[in-house]
Amino acid sequence: MTADVVGWPATDAEKYRNAGYWRGESFAQFLSARTRAHGDRIAVVDD
C-alpha cells in the first residue's frame, strides 16, 4: 500500500530554503549532526 503525499507549495518551499530552515537533510540527519557537534553538553534540565 502506498500513501499519496502532498508537497509544499513551490513558493513556500523556496522561502524556507532561502531562509535556511530547509537544508536538504532529514530530521534524523539533523539530530545526528547536532549530537556529534554537542554530544558532551547537557540537553535538558528539569529542576
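Values quoted throughout were computed directly from the atomic coordinates according to the rules given, and no laboratory measurement underlies them. These numbers come from a predicted model, not from an experiment. We place every Cβ from the backbone using ideal geometry, glycine too, and count neighbours over all the protein chains shown.
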On Cα atoms only, tilt of 27-38 relative to the major axis of the chain in degrees: 30
Sum of -39500 (n - 2.57) over DSSP H runs of 4+, divided by residues of the chain (222 nm, nearest 500): -14000 deg cm²/dmol
Student exercise, the chain dipole from Lys, Arg, Asp, Glu Cβ charges, in Debye to nearest 20: 240
Exposure rule at most 14 other beta-carbon atoms within 10 Å, DSSP loop trypsin sites (Lys or Arg not before Pro): the chain longest free segment: 1-22
Amide hydrogen neighbours beyond the local backbone of Trp22, cut-off 5 Å, H modeled: Arg17
Cα-based helix-to-principal-axis angle, 10-19 vs the chain, degrees rounded to 10: 30
Order of Ser26, Ser32 under a 10 Å beta carbon neighbour criterion, fewest first: Ser26, Ser32
